[in-house]
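To keep things clear, I will list the structure first and then write my remarks on it.
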Amino acid sequence: MHPTEFQNVKLLKEIAEFINEETEIEAMLLGALRKFLKGTNFVAGWIFFIDENGKHQLMVSENLPEGLKQNGCSHLKNGSCWCVSRYRDRELEKASNIIECKRIENILAARSGDNGGITHHATVPLQSGQERFGVVNVASPNTVTYSEGELALLESLAFQLGSAIKRIFLTKQEQEIALLQERNRLAKDLHDSVNQLLFSVALTARGGAEMVAQAEIKETFKEIQNLSQEALNEMRALIWQLRPVGLENGLLEAIKGYGEMLGLCVQSHISGVLNVPSHVEEALFRISQEALNNVRKHSGVHMAELFMNVSQTDVLLVIKDEGQGFIIDHSIQIPSMGLQSMIDRAKKAGGSVEWDSEIGRGTEILIRIPY
């Protein structure tokens, strides 16, 4: 075996050992890309994920020239390019030379930074079987075309990465299914045990209040009944959060149903076609639950309005009430656990949560999640 071939086999083996141990996609991609660049003549690299609508997302990059790194890699994140277009049109089947890179051309034309001598790059699709994920791009300074050996090595890297991405996706899917099953089991246990006990306590207290004549004892029974009923309402809300009955009938129906369970009237207004991925729907529902909980507990009103706008790239959900509102203190890092929970859920889905509130003028919660 030629020494170079031996080195390539050794490099691919090292990469395989690394990616088989890594469980997070971004860390796996970045680590594998770094090892690949270190063991080859390629100097810089970047990886795009491309969804079924052709929208690309920069996942990781390494050793980019200053021009491509400017403004948070805006030249890579925005606009179109030939490698993404060829991938989207299913014309990119294997590792290939890109004759000209439109993104680098834009940098040179705008004189917006040093290109590090990089004018061309090689690209390869990321896929596992028939399932496609995106592209890997690598480049070297002052290089117009890359050899068949270099392209073959790049193709081997892409094969390993595609298999690893599929493995991680399947693992996460299995974890989500297991989590959903555990939620359903816990919700059933709470409904069958604690929920029924609280109902029995409230019913018994009501009977006790009707049976006694002494005012103090009657008042005690009524207090027990009220506390039990309040705990019962909290328990039902918790069960809803664990197992959102009604989500199978659509996001809006689930949100309105949860509001009704809390004793709220939810008026909805929607524009655009509501057809979003399940993980986005789940995030919007969970955030809406927390927002409606806040309306019930803090607003002093029994009605909320829901506005939803669905565009080609994201969903904007606004939940508004005409309640007592609150003062927003921007010096406090975490205004409340409820708001922080909404922020965390939105951030996990790649989105954001903002709010606008004023004493006596109600509150607006604005949730934006891309898809």
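Could we say that VAL295 is of a type outside the set (Ser, Thr, Tyr), open to solvent by less than 60 Å² (accessible area, probe 1.4 Å), outside any strand (DSSP E or B) and at pLDDT 90 or above here?
Values: of a type outside the set (Ser, Thr, Tyr): yes; open to solvent by less than 60 Å² (accessible area, probe 1.4 Å): yes; outside any strand (DSSP E or B): yes; at pLDDT 90 or above: yes.
Yes, satisfied.
Condition check: within 26 Å of LYS166 (Cβ to Cβ) and at pLDDT 85 or above. Does GLY117 satisfy that? Before the answer, list the steps.
Values: within 26 Å of LYS166 (Cβ to Cβ): no; at pLDDT 85 or above: yes.
No; evaluated as a whole, the condition is false for this residue.
Looking only at the stretch 202-217, count how many residues are over 20 Å from MET261 (Cβ atoms) and surrounded by 15 or more Cβ atoms within 10 Å (Cβ to Cβ). Before you say what the answer is, go through the steps one by one.
Of the residues in the stretch 202-217, the ones over 20 Å from MET261 (Cβ atoms) are 204-217.
Then keep just the ones that are surrounded by 15 or more Cβ atoms within 10 Å (Cβ to Cβ); that gives 205-206, 208-209.
Residues in the stretch 202-217 being over 20 Å from MET261 (Cβ atoms) and surrounded by 15 or more Cβ atoms within 10 Å (Cβ to Cβ): 4 in total.
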Scanning the stretch 65-103 for residues that are at pLDDT below 80 and more than 30 Å from the chain's Cα centre (by Cα), the one most open to solvent (accessible area, probe 1.4 Å) turns out to be ILE99
For ASN137, which of the numbered conditions (1) under 30 Å from GLY54 (Cβ atoms); (2) in contact with a helix residue (DSSP H, G or I) (Cβ under 7 Å, 6 or more places away or on another chain); (3) not in a strand (DSSP E or B) fails to hold? (3)
Could you run through the stretch 322-371 and say how many residues are modelled with pLDDT under 85, open to solvent by 60 Å² or more (accessible area, probe 1.4 Å), in a loop (DSSP other than H, G, I, E, B) and among the aliphatic types (A, V, I, L, M)? 3
The conditions are (1) assigned to a loop (DSSP other than H, G, I, E, B); (2) in contact with a Ser or Thr (Cβ under 8 Å, 6 or more places away or on another chain), and GLY79 fails exactly one of them. Which is it? (2)
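Take ILE165 and decide whether it is of a type outside the set (D, E, K, R), modelled with pLDDT under 90 and under 18 Å from LEU33 (Cβ atoms).
Values: of a type outside the set (D, E, K, R): yes; modelled with pLDDT under 90: no; under 18 Å from LEU33 (Cβ atoms): yes.
Considered against the rule, which asks whether it is of a type outside the set (D, E, K, R), modelled with pLDDT under 90 and under 18 Å from LEU33 (Cβ atoms), ILE165 comes out as no.
Are any of the residues in the stretch 1-22 among the hydrophobic types (A, V, I, L, M, F, W, C), without any contact (Cβ under 8 Å) to a residue 12 or more places away in the chain, part of a loop (DSSP other than H, G, I, E, B) and open to solvent by 40 Å² or more (accessible area, probe 1.4 Å)?
Filtering the stretch 1-22 for residues among the hydrophobic types (A, V, I, L, M, F, W, C) gives 1, 6, 9, 11-12, 15-16, 18-19.
Checking the rest, the ones that are also without any contact (Cβ under 8 Å) to a residue 12 or more places away in the chain come to 1, 6, 9.
Next, only the ones that are part of a loop (DSSP other than H, G, I, E, B) stay: 1.
Applying the additional criterion that residues be open to solvent by 40 Å² or more (accessible area, probe 1.4 Å) yields 1.
Taking every residue of the stretch 1-22 in turn, at least one turns out to be among the hydrophobic types (A, V, I, L, M, F, W, C), without any contact (Cβ under 8 Å) to a residue 12 or more places away in the chain, part of a loop (DSSP other than H, G, I, E, B) and open to solvent by 40 Å² or more (accessible area, probe 1.4 Å).
The values are calculated or read from the model by the stated rules, or taken from the named source; none is laboratory data. What you see is a predicted model; the values in this text were computed from it and never measured. Counting neighbours? That spans all protein chains shown, and the Cβs are built from the backbone with ideal geometry, glycine included. These accessible areas exclude ligands, DNA and RNA; they are computed on the full protein's heavy atoms, side chains included. Shrake-Rupley method; radii C 1.70, N 1.55, O 1.52, S 1.80 Å.
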